[in-house]
Amino acid sequence: MAPRAFFLLLSFVLLAGAAPAPKGAAATPAAPAPMAELWVDPGDLSSRNLFYGPGGRGSVPDPAVDYQLRKRDTTGHSQGYYVRDPAGRKWKVKIGEEVSSEIAASRILWALGYRQPVLHYVPRWRLRGGPVAAPPPGRFRLESGFESQGPWDWRRNPFVSSRPYRTLVIVNLLLNNWDMAASNNRIYRFKQPSEGAATWYVVQDLGASLGKTRWPIGTQNDIEDFESQEFVLGAEDGRVRFDYHARHRELLRDLTPQDVVIACQTLAQLTDRQLGDAFRAGGYSEDLAARFIRKIKEKIAQGLALSGADDARPRRSP
(Lines give C-alpha, C1' and ligand atoms only; values in the text may rest on other atoms or scores of the structure.)
Protein backbone atom coordinates (compact mmCIF):
# COMPACT_ATOMS: atom_id res chain seq x y z
CA MET A 1 0.00 0.00 0.00
CA ALA A 2 1.30 3.47 -0.89
CA PRO A 3 2.42 5.61 2.09
CA ARG A 4 -0.37 8.20 1.64
CA ALA A 5 -2.99 5.47 1.40
CA PHE A 6 -1.66 3.75 4.54
CA PHE A 7 -1.67 6.88 6.68
CA LEU A 8 -5.08 8.01 5.44
CA LEU A 9 -6.59 4.58 6.06
CA LEU A 10 -5.06 4.54 9.56
CA SER A 11 -6.50 8.00 10.26
CA PHE A 12 -9.89 6.87 9.00
CA VAL A 13 -9.89 3.85 11.31
CA LEU A 14 -8.91 5.97 14.31
CA LEU A 15 -11.53 8.59 13.58
CA ALA A 16 -14.21 5.96 13.10
CA GLY A 17 -14.16 5.30 16.82
CA ALA A 18 -14.63 8.93 17.79
CA ALA A 19 -17.98 10.25 18.88
CA PRO A 20 -19.84 11.60 15.83
CA ALA A 21 -20.92 15.20 15.59
CA PRO A 22 -24.65 15.83 15.99
CA LYS A 23 -26.50 15.23 12.75
CA GLY A 24 -26.93 18.42 10.78
CA ALA A 25 -24.54 20.36 13.00
CA ALA A 26 -23.33 23.50 11.27
CA ALA A 27 -19.78 24.73 11.16
CA THR A 28 -18.76 27.34 13.69
CA PRO A 29 -17.20 30.32 11.90
CA ALA A 30 -14.05 31.76 13.41
CA ALA A 31 -13.65 35.43 14.22
CA PRO A 32 -13.62 37.79 11.22
CA ALA A 33 -10.30 38.26 9.43
CA PRO A 34 -9.19 40.33 6.44
CA MET A 35 -9.95 38.57 3.17
CA ALA A 36 -6.35 39.22 2.10
CA GLU A 37 -5.28 36.47 4.50
CA LEU A 38 -6.93 33.92 2.19
CA TRP A 39 -7.30 35.63 -1.18
CA VAL A 40 -6.35 38.79 -3.04
CA ASP A 41 -7.88 40.05 -6.25
CA PRO A 42 -5.42 38.92 -8.95
CA GLY A 43 -6.56 41.66 -11.32
CA ASP A 44 -5.92 40.68 -14.93
CA LEU A 45 -5.68 36.89 -14.76
CA SER A 46 -4.10 36.72 -18.22
CA SER A 47 -1.03 38.49 -16.84
CA ARG A 48 -0.27 35.81 -14.24
CA ASN A 49 2.85 33.73 -14.93
CA LEU A 50 1.90 30.18 -14.04
CA PHE A 51 5.28 28.71 -14.85
CA TYR A 52 7.21 30.56 -12.12
CA GLY A 53 4.21 31.18 -9.85
CA PRO A 54 4.56 32.95 -6.47
CA GLY A 55 8.10 34.14 -5.94
CA GLY A 56 8.78 34.52 -9.65
CA ARG A 57 11.90 33.53 -11.53
CA GLY A 58 14.18 34.63 -8.70
CA SER A 59 12.78 31.99 -6.34
CA VAL A 60 13.74 29.00 -8.50
CA PRO A 61 16.16 26.61 -6.70
CA ASP A 62 19.58 26.41 -8.32
CA PRO A 63 20.18 22.85 -9.63
CA ALA A 64 23.93 23.47 -9.83
CA VAL A 65 24.53 23.82 -6.08
CA ASP A 66 24.65 21.28 -3.27
CA TYR A 67 21.72 21.18 -0.83
CA GLN A 68 22.66 20.33 2.73
CA LEU A 69 20.43 17.79 4.45
CA ARG A 70 18.90 19.12 7.68
CA LYS A 71 16.75 16.05 8.37
CA ARG A 72 14.67 13.46 6.61
CA ASP A 73 10.89 13.71 6.45
CA THR A 74 9.51 10.54 8.01
CA THR A 75 6.13 11.81 9.20
CA GLY A 76 4.24 12.58 6.01
CA HIS A 77 2.69 10.50 3.25
CA SER A 78 5.60 10.92 0.81
CA GLN A 79 9.34 10.55 1.08
CA GLY A 80 11.15 13.85 1.54
CA TYR A 81 13.97 15.91 2.91
CA TYR A 82 14.41 19.18 4.77
CA VAL A 83 17.39 20.93 3.16
CA ARG A 84 19.23 24.25 3.13
CA ASP A 85 20.76 25.89 0.06
CA PRO A 86 24.05 27.85 0.04
CA ALA A 87 22.13 31.12 0.34
CA GLY A 88 20.60 29.94 3.64
CA ARG A 89 17.10 29.34 2.31
CA LYS A 90 15.29 26.36 3.81
CA TRP A 91 13.29 24.01 1.59
CA LYS A 92 11.12 20.97 2.10
CA VAL A 93 11.62 18.56 -0.78
CA LYS A 94 8.93 15.99 -1.59
CA ILE A 95 9.68 12.90 -3.67
CA GLY A 96 7.04 10.70 -5.28
CA GLU A 97 3.88 10.53 -7.36
CA GLU A 98 2.26 13.63 -5.84
CA VAL A 99 5.04 16.04 -6.84
CA SER A 100 3.69 17.06 -10.23
CA SER A 101 -0.02 17.18 -9.35
CA GLU A 102 0.69 19.35 -6.30
CA ILE A 103 2.59 21.95 -8.30
CA ALA A 104 0.10 22.12 -11.18
CA ALA A 105 -2.89 22.45 -8.82
CA SER A 106 -1.07 25.03 -6.70
CA ARG A 107 -0.29 27.17 -9.73
CA ILE A 108 -3.97 27.23 -10.70
CA LEU A 109 -5.09 28.30 -7.22
CA TRP A 110 -2.39 30.95 -7.08
CA ALA A 111 -3.45 32.30 -10.48
CA LEU A 112 -6.95 32.89 -9.07
CA GLY A 113 -5.56 34.91 -6.14
CA TYR A 114 -5.27 32.29 -3.39
CA ARG A 115 -2.34 32.25 -0.99
CA GLN A 116 0.14 29.58 -2.05
CA PRO A 117 3.70 28.70 -1.05
CA VAL A 118 6.70 29.02 -3.35
CA LEU A 119 6.88 25.64 -5.11
CA HIS A 120 9.18 24.44 -7.87
CA TYR A 121 9.83 21.18 -9.66
CA VAL A 122 13.54 20.38 -9.77
CA PRO A 123 14.30 17.39 -12.01
CA ARG A 124 18.01 17.13 -11.13
CA TRP A 125 19.62 18.26 -7.89
CA ARG A 126 22.40 17.29 -5.50
CA LEU A 127 22.06 16.37 -1.83
CA ARG A 128 24.94 16.55 0.63
CA GLY A 129 24.85 14.51 3.82
CA GLY A 130 21.91 12.38 2.74
CA PRO A 131 21.39 8.74 1.80
CA VAL A 132 22.02 9.45 -1.92
CA ALA A 133 23.96 12.20 -3.68
CA ALA A 134 21.54 12.50 -6.62
CA PRO A 135 17.94 12.06 -5.41
CA PRO A 136 14.96 11.69 -7.78
CA PRO A 137 13.12 14.77 -9.09
CA GLY A 138 11.56 16.71 -6.25
CA ARG A 139 9.04 19.35 -5.35
CA PHE A 140 10.90 22.13 -3.53
CA ARG A 141 8.72 24.16 -1.13
CA LEU A 142 10.25 27.25 0.43
CA GLU A 143 10.16 27.13 4.24
CA SER A 144 11.98 30.43 4.93
CA GLY A 145 10.59 33.88 5.72
CA PHE A 146 7.60 32.85 7.85
CA GLU A 147 6.53 30.65 10.73
CA SER A 148 3.99 27.89 10.34
CA GLN A 149 1.21 28.33 12.91
CA GLY A 150 -0.43 24.95 12.42
CA PRO A 151 -3.49 23.83 10.43
CA TRP A 152 -6.78 25.53 9.70
CA ASP A 153 -10.09 23.76 9.20
CA TRP A 154 -12.20 23.93 6.05
CA ARG A 155 -15.40 24.27 8.08
CA ARG A 156 -14.17 26.49 10.90
CA ASN A 157 -12.32 29.49 9.60
CA PRO A 158 -13.00 33.22 9.16
CA PHE A 159 -14.01 32.92 5.49
CA VAL A 160 -16.69 30.21 5.34
CA SER A 161 -19.47 32.52 4.20
CA SER A 162 -17.44 34.38 1.58
CA ARG A 163 -17.46 34.07 -2.20
CA PRO A 164 -13.67 33.43 -2.42
CA TYR A 165 -13.98 30.58 0.07
CA ARG A 166 -16.76 28.90 -1.92
CA THR A 167 -14.79 29.32 -5.13
CA LEU A 168 -11.76 27.77 -3.43
CA VAL A 169 -13.79 24.70 -2.47
CA ILE A 170 -15.26 24.39 -5.97
CA VAL A 171 -11.90 24.61 -7.73
CA ASN A 172 -10.56 21.85 -5.47
CA LEU A 173 -13.58 19.74 -6.42
CA LEU A 174 -12.99 20.40 -10.11
CA LEU A 175 -9.35 19.29 -9.74
CA ASN A 176 -10.53 16.11 -7.94
CA ASN A 177 -8.68 16.88 -4.72
CA TRP A 178 -9.98 14.04 -2.57
CA ASP A 179 -7.91 14.81 0.54
CA MET A 180 -9.34 18.11 1.75
CA ALA A 181 -8.32 17.50 5.35
CA ALA A 182 -7.42 20.26 7.80
CA SER A 183 -3.99 18.66 8.23
CA ASN A 184 -3.15 19.67 4.66
CA ASN A 185 -3.78 23.37 5.40
CA ARG A 186 -1.40 25.75 7.15
CA ILE A 187 -1.45 29.25 8.61
CA TYR A 188 1.69 31.20 7.72
CA ARG A 189 2.76 34.07 9.99
CA PHE A 190 5.16 36.69 8.60
CA LYS A 191 7.11 39.20 10.69
CA GLN A 192 6.12 41.88 8.20
CA PRO A 193 3.05 41.87 5.94
CA SER A 194 3.70 39.96 2.73
CA GLU A 195 1.58 41.01 -0.25
CA GLY A 196 -0.85 42.83 2.00
CA ALA A 197 -1.19 40.44 4.95
CA ALA A 198 1.02 39.23 7.79
CA THR A 199 -1.06 36.04 8.13
CA TRP A 200 -1.84 33.69 5.26
CA TYR A 201 -4.35 30.84 5.15
CA VAL A 202 -2.77 28.36 2.74
CA VAL A 203 -4.01 25.12 1.19
CA GLN A 204 -0.50 23.75 1.46
CA ASP A 205 -0.78 20.15 0.22
CA LEU A 206 -2.64 19.62 -3.06
CA GLY A 207 -0.93 16.40 -4.09
CA ALA A 208 -4.13 14.31 -3.94
CA SER A 209 -5.44 16.04 -7.08
CA LEU A 210 -5.77 15.23 -10.79
CA GLY A 211 -6.87 11.62 -10.30
CA LYS A 212 -10.17 10.05 -9.25
CA THR A 213 -12.12 10.76 -6.07
CA ARG A 214 -13.08 7.66 -4.10
CA TRP A 215 -14.08 6.93 -0.52
CA PRO A 216 -12.05 6.89 1.63
CA ILE A 217 -8.92 7.01 -0.58
CA GLY A 218 -8.66 8.14 -4.19
CA THR A 219 -5.91 8.41 -6.78
CA GLN A 220 -3.71 11.31 -7.81
CA ASN A 221 -1.75 12.42 -10.85
CA ASP A 222 -3.47 9.82 -13.05
CA ILE A 223 -4.77 11.08 -16.39
CA GLU A 224 -6.95 8.05 -17.15
CA ASP A 225 -8.66 8.34 -13.78
CA PHE A 226 -9.02 12.10 -14.13
CA GLU A 227 -10.60 11.75 -17.57
CA SER A 228 -13.03 9.09 -16.32
CA GLN A 229 -14.81 11.36 -13.83
CA GLU A 230 -17.06 14.32 -14.47
CA PHE A 231 -17.42 17.51 -12.42
CA VAL A 232 -21.15 18.18 -12.05
CA LEU A 233 -24.10 16.01 -13.04
CA GLY A 234 -26.77 18.69 -12.78
CA ALA A 235 -28.73 20.62 -10.17
CA GLU A 236 -32.01 20.15 -8.37
CA ASP A 237 -33.84 22.38 -5.88
CA GLY A 238 -30.86 24.70 -5.58
CA ARG A 239 -28.40 21.88 -4.89
CA VAL A 240 -25.59 20.87 -7.22
CA ARG A 241 -25.02 17.18 -7.88
CA PHE A 242 -21.26 16.81 -7.99
CA ASP A 243 -19.53 13.72 -9.37
CA TYR A 244 -17.40 13.64 -6.23
CA HIS A 245 -17.04 10.49 -4.13
CA ALA A 246 -14.41 11.26 -1.50
CA ARG A 247 -14.62 12.19 2.17
CA HIS A 248 -15.41 15.76 3.21
CA ARG A 249 -18.73 15.76 1.33
CA GLU A 250 -20.09 18.13 3.98
CA LEU A 251 -18.20 20.88 2.13
CA LEU A 252 -20.50 20.42 -0.87
CA ARG A 253 -23.75 20.84 1.03
CA ASP A 254 -24.34 24.58 0.66
CA LEU A 255 -22.81 25.16 -2.77
CA THR A 256 -25.32 26.56 -5.25
CA PRO A 257 -25.40 26.54 -9.05
CA GLN A 258 -24.52 30.23 -8.98
CA ASP A 259 -21.44 29.49 -6.88
CA VAL A 260 -20.29 26.94 -9.45
CA VAL A 261 -20.96 29.23 -12.39
CA ILE A 262 -18.99 32.09 -10.85
CA ALA A 263 -16.05 29.79 -10.03
CA CYS A 264 -16.02 28.43 -13.58
CA GLN A 265 -16.30 31.90 -15.09
CA THR A 266 -13.17 32.81 -13.15
CA LEU A 267 -11.30 29.67 -14.22
CA ALA A 268 -12.32 30.24 -17.84
CA GLN A 269 -10.28 33.44 -17.88
CA LEU A 270 -7.07 31.41 -17.78
CA THR A 271 -5.63 30.85 -21.24
CA ASP A 272 -4.46 27.55 -22.69
CA ARG A 273 -0.93 28.92 -22.52
CA GLN A 274 -1.25 29.64 -18.81
CA LEU A 275 -2.70 26.22 -18.06
CA GLY A 276 0.08 24.69 -20.13
CA ASP A 277 2.62 26.65 -18.06
CA ALA A 278 1.06 25.32 -14.83
CA PHE A 279 1.56 21.73 -15.97
CA ARG A 280 4.98 22.47 -17.44
CA ALA A 281 5.95 23.85 -14.02
CA GLY A 282 5.05 20.43 -12.60
CA GLY A 283 7.28 18.59 -15.05
CA TYR A 284 4.51 17.25 -17.29
CA SER A 285 5.15 16.43 -20.93
CA GLU A 286 3.32 18.55 -23.49
CA ASP A 287 1.07 15.68 -24.60
CA LEU A 288 0.09 14.72 -21.05
CA ALA A 289 -0.53 18.33 -20.09
CA ALA A 290 -2.81 18.73 -23.12
CA ARG A 291 -4.99 15.85 -21.94
CA PHE A 292 -5.33 17.27 -18.43
CA ILE A 293 -6.14 20.72 -19.82
CA ARG A 294 -8.75 19.29 -22.19
CA LYS A 295 -10.54 17.62 -19.30
CA ILE A 296 -10.32 20.71 -17.09
CA LYS A 297 -11.94 22.76 -19.86
CA GLU A 298 -14.69 20.15 -20.22
CA LYS A 299 -15.36 20.45 -16.49
CA ILE A 300 -15.43 24.24 -16.70
CA ALA A 301 -18.04 23.93 -19.47
CA GLN A 302 -20.12 21.62 -17.26
CA GLY A 303 -20.07 24.22 -14.51
CA LEU A 304 -21.00 27.05 -16.85
CA ALA A 305 -23.95 25.01 -18.11
CA LEU A 306 -25.58 25.45 -14.70
CA SER A 307 -26.20 29.12 -15.46
CA GLY A 308 -29.90 28.48 -16.04
CA ALA A 309 -30.40 26.28 -13.00
CA ASP A 310 -32.54 27.24 -10.01
CA ASP A 311 -30.14 28.94 -7.57
CA ALA A 312 -32.41 29.11 -4.54
CA ARG A 313 -30.75 27.61 -1.50
CA PRO A 314 -32.77 24.66 -0.18
CA ARG A 315 -34.52 25.21 3.13
CA ARG A 316 -32.91 23.22 5.91
CA SER A 317 -34.94 20.92 8.08
CA PRO A 318 -35.30 22.12 11.67
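The values are calculated or read from the model by the stated rules, or taken from the named source; none is laboratory data. Note that the structure is a prediction, hence the values are computed from the model and not measured. Because the Cβ atoms are built from the backbone with ideal geometry, glycine has one as well, and the counts that use them run over all protein chains shown. Surface accessibility is based on the protein's heavy atoms, side chains included, excluding ligands, DNA and RNA. Shrake-Rupley method; radii C 1.70, N 1.55, O 1.52, S 1.80 Å.
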Around Gln79, what is the net charge, scoring Lys/Arg as +1 and Asp/Glu as -1 over all other residues with Cβ under 10 Å from its Cβ? +1
Selection from Ile170, Met180, Pro61 lying farthest towards where the dipole of the chain points positive, charges on Cβ: Pro61
Using only Cα atoms, tell me the angle between helix 99-111 and the longest principal axis of the chain; keep it within 0 to 90° and round to the nearest 10. 60
With every protein chain in place, what's the accessible area of Met35 (1.4 Å probe, Å², nearest 10)? 60
Charged-residue dipole, Cβ positions (Lys, Arg, Asp, Glu), the stretch 214-286 about Cα centre, Debye nearest 20: 240
GluC sites (Glu not before Pro) lying in DSSP loop within the stretch 169-265, provided at most 14 other Cβ fall within 10 Å: Glu195, Glu230
Reachable lysines from Lys71, criterion Cα separation under 22 angstrom, eight or more residues apart if same chain: Lys90, Lys92, Lys94
Under 20 Å Cα-Cα from Lys297, which lysines qualify once same-chain neighbours fewer than 8 residues away are excluded? Lys212
SASA check, Trp39, accessible area w/ 1.4 Å probe, all protein chains in place, rounded to nearest 10 Å², comes out at 70
What full-extension length gain, to one decimal in nm, is calculated for Arg214 and Glu195 as 0.36 nm per residue of separation minus the Cα-Cα distance? 3.2 nm
Sequence ranges 183-194, 202-213, ranked by mean other-Cβ count within 10 angstrom, highest first: 202-213, 183-194
What is the gain in length, in nm to one decimal, between Asp237 and Gln68 on full extension, counting 0.36 nm per residue of separation less the C-alpha to C-alpha distance? 55.1 nm
Per residue, how much accessible surface does the chain expose to a 1.4 Å probe? Answer in Å², no decimals. 47
With DSSP loop assignment and no more than 14 other C-beta atoms within 10 Å, the trypsin sites (Lys or Arg not before Pro) in the stretch 229-318 are Arg253, Arg315, Arg316
Pick from Asn157, Asn176, Asn221 the residue whose mean-square fluctuation is largest in a GNM of the chain, springs joining Cα atoms under 10 Å. Asn157
Of [x] 78, 45, 34; [y] 60, 46, 42; [z] 54, 48, 39, which one was derived for Cα extents along the principal axes in Å from the structure shown? [y]
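Heavy atoms only, 1.4 Å probe, whole protein assembly: order Ser162, Ser285 by accessible area, highest first.
Ser285, Ser162
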Using helices alone, what [θ] at 222 nm do you get for the chain, with -39,500 (n - 2.57) per DSSP H run of 4 or more residues, divided over all residues and rounded to the nearest 500? -8000 deg cm²/dmol
Report in % the part of the accessible area of the stretch 175-298 that belongs to carbon and sulfur, leaving out ligands and nucleic acids; probe 1.4 Å. 46
For Ala33, project a label point 7 Å along Cα to C-beta. Then give me every residue of the stretch 103-137 with its amide nitrogen under 16 Å of that point. 114-117
Net charge dipole size for the chain [Lys, Arg +1 and Asp, Glu -1 on Cβ; Debye, nearest 20]: 880
Give me the extension gain from Ala133 to Arg57: residue separation times 0.36 nm, minus the current Cα-Cα distance, reported in nm with one decimal. 24.8 nm
Run the dipole for the stretch 44-199 about the Cα centre, Lys and Arg Cβ at +1, Asp and Glu Cβ at -1, nothing else charged, and hand back the magnitude in debye, nearest 20. 300
Is the stretch 130-211 best put as rounded, prolate or oblate by its Cα gyration tensor, with a ≥ b ≥ c the root eigenvalues, rounded for a/c under 1.5, and otherwise prolate when a/b is larger than b/c, oblate when not? oblate
